[in-house]
Amino acid sequence: MASKDRTRPASSVRRLGPGDVPAMRALNALFGRAFAEPATYGAAPPDDAYLAGLLAREHVAVLVAEQDGAVLGGLVAYELDKFEQARREIYIYDLAVDAEHRRRGIATALIRHLQAHAARRDAWVIFVQGDPGDGPALALYDRLGAREDVLHFDLPVGAPPLP
């Protein structure tokens, strides 16, 4: 008698397109849970046309890891074309894996897929911001890249002009 395989099927990673609005909504809900910011990611959701339009843009890369139709994790990255040289950089804006699926290589798989995408887009580098208190994310980024210690500033929009 053959034994049953008790391993879970591997998740698959794919880039979302304009027809994947439900998966994008699932990813936003996951981001809200993972970052403990449900209001940021769910209180005022954009309409389907807005999301489809973003997902259609070449310079916006949304990757999801899925298993049996469920979104387990994902990332949102933006391409930034540079002026000092004819090249582009890619910025990972959001990256998260649902809590029950962490430590299974999903975040690494998402980044590896983004690296392949970046190579196809002739990008020069991928960069990501890590928060000092997020040990697991910092360990992942340390393992996959080189650390730069920088300061991040949020500047208000519509500030009065300087005198």
Considering the stretch 67-89 alone, what residues qualify as being closer than 18 Å to ARG103 by Cβ and β-branched (Val, Ile, Thr)? VAL71
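In the stretch 29-53, which residues are in contact (Cβ under 8 Å) with a residue 12 or more places away in the chain, of a type in the set (A, V, I, L, M, F, W, C) and in a helix (DSSP H, G or I)? Walk me through how you get there before you give the answer.
So the first thing to find is which residues in the stretch 29-53 are in contact (Cβ under 8 Å) with a residue 12 or more places away in the chain, and the list is 29-31, 33-35, 41-42, 45, 48, 51-53.
Still in the running and of a type in the set (A, V, I, L, M, F, W, C): 29-31, 34-35, 51-52.
The answer is ALA29, LEU30, PHE31, ALA34, LEU51, ALA52.
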Out of the residues in the stretch 40-84 that are in contact with an Asp or Glu (Cβ under 9 Å, 6 or more places away or on another chain) and among the small types (Gly, Ala, Ser), state the one that is surrounded by the fewest Cβ atoms within 10 Å (Cβ to Cβ). ALA70
Which is touching a strand residue (DSSP E or B) at 6+ places or on another chain (Cβ under 9 Å), of a type outside the set (S, T, N, Q) and closer than 25 Å to SER12 by Cα, of ALA96, ALA119, ALA70? ALA96
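Could you check the stretch 126-144 and list, in sequence order, the residues that are surrounded by 14 or more Cβ atoms within 10 Å (Cβ to Cβ) and either touching a residue at least 12 places away in the same chain (Cβ under 8 Å) or on the phi > 0 side of the Ramachandran plot (or both)? Working first, answer last.
Residues of the stretch 126-144 that are surrounded by 14 or more Cβ atoms within 10 Å (Cβ to Cβ), as a first pass: 126-128, 130, 137-138, 140-141, 144.
Those that are surrounded by 14 or more Cβ atoms within 10 Å (Cβ to Cβ) and either touching a residue at least 12 places away in the same chain (Cβ under 8 Å) or on the phi > 0 side of the Ramachandran plot (or both): ILE126, PHE127, VAL128, ALA137, LEU140, TYR141, LEU144.
Could you check the stretch 114-138 and list, in sequence order, the residues that are over 19 Å from VAL62 (Cβ atoms) and under 17 Å from the mean Cα position of the chain (by Cα)? Outline the logic, then answer.
Of the stretch 114-138, the ones over 19 Å from VAL62 (Cβ atoms) are 122, 124-125, 130-136, 138.
Listed by number, the residues that qualify are VAL125, GLY130, ASP131, ASP134, PRO136, LEU138.
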Can you give me the number of residues within the stretch 103-159 that are modelled with pLDDT of 80 or more, in a loop (DSSP other than H, G, I, E, B) and of a type in the set (Val, Ile, Thr)? 1
Given (1) among the hydroxyl-bearing types (Ser, Thr, Tyr); (2) touching a residue at least 40 places away in the same chain (Cβ under 8 Å); (3) within 23 Å of ALA139 (Cβ to Cβ), SER12 misses just (3)
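The values are calculated or read from the model by the stated rules, or taken from the named source; none is laboratory data. Because the structure is a prediction, the values reported are computed rather than measured. Cβ: placed from backbone, ideal geometry, glycine included. Neighbour counts: every protein chain shown.
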